[in-house]
1. Using alpha-carbon pairs under 8 Å, 6+ residues apart, how would you state the relative contact order of the range 24-151 in percent?
2. Name the residues whose placed amide hydrogens come within less than 5 Å of the amide hydrogen of Gly109, ignoring near sequence neighbours (fewer than 5 apart) on the same chain.
3. Note down the magnitude of the dipole of the range 24-151 about its Cα centre, charges +1 on Lys and Arg C-beta and -1 on Asp and Glu C-beta and zero elsewhere, to the nearest 20 debye.
4. What FRET efficiency do you get for Ser141 and Ala93 if R0 is 30 Å and r is their Cβ-Cβ distance, rounded to the nearest 0.05?
5. For a quick protection proxy, order the peptides 103-110, 55-62, 33-40 by their average other-Cβ count within 10 Å, most packed first.
Amino acid sequence: MSRALSPCWSVSKSVSAVSTNQPPRSLYAGVMLAAGLIATACAFAAASAVGGSEAPALQTALLIFVVSMLGLLPVLVRSAEYFGLAVLGSSVARLLLAMFAALILTEVGKFESRPVWLGVVTGAGLMLLIESATAIAILMSLERKKAGTHAGVESSSTC
């Protein structure tokens, strides 16, 4: 019986394809939650360091915490092919939402602009760095697993 028709080979290939196409959602969610808390603290510290009242620093920290939760959206993605795109989309959405909210805080809320913008840039920038590094590490790991699995399946002629 040829390898292409062997039921054992096709089951092995299917199982390995399913296991390699799954990004570690719980790990990514944990890292994003921790990154959100760290970014919130850094945003508060940056906004406070510039001076002014405590209200802009608190509002900026709250803003960063809320928009950092958009980093959890890629957890909903099931396959590795779309995981990177989901990370990119959530990053862009988070940055745009943070900038829009900072504009509202400074123009409508009449908060001092320097602490708000410094806090937003610090928090959102930190989230972007952590999220990008985590996503790259996860995607590289998935690619290594995929490459190792396919090489092992092709070289094996028995179950």
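Rule-based calculations on the coordinates, nothing more; no lab input. Only a predicted model underlies this, so the values are computations on that prediction, with no experimental measurement involved. Here Cβ is always computed from backbone atoms with ideal geometry, including for glycine, and neighbour counts include all displayed protein chains.
1. Details: 149 pairs, mean separation 45.9, N = 128.
The value is 36 percent.
2. When sequence neighbours closer than 5 places are left aside, there are no close amide H contacts.
3. In debye, rounded to 20, the range 24-151 gives about 400.
4. Values: r = 25 Å, r/R0 = 0.83.
FRET efficiency, Ser141 to Ala93: 0.75.
5. On the way: 103-110: 13.8, 55-62: 20.9, 33-40: 18.5.
Highest-to-lowest ranking by the protection proxy: 55-62, 33-40, 103-110.
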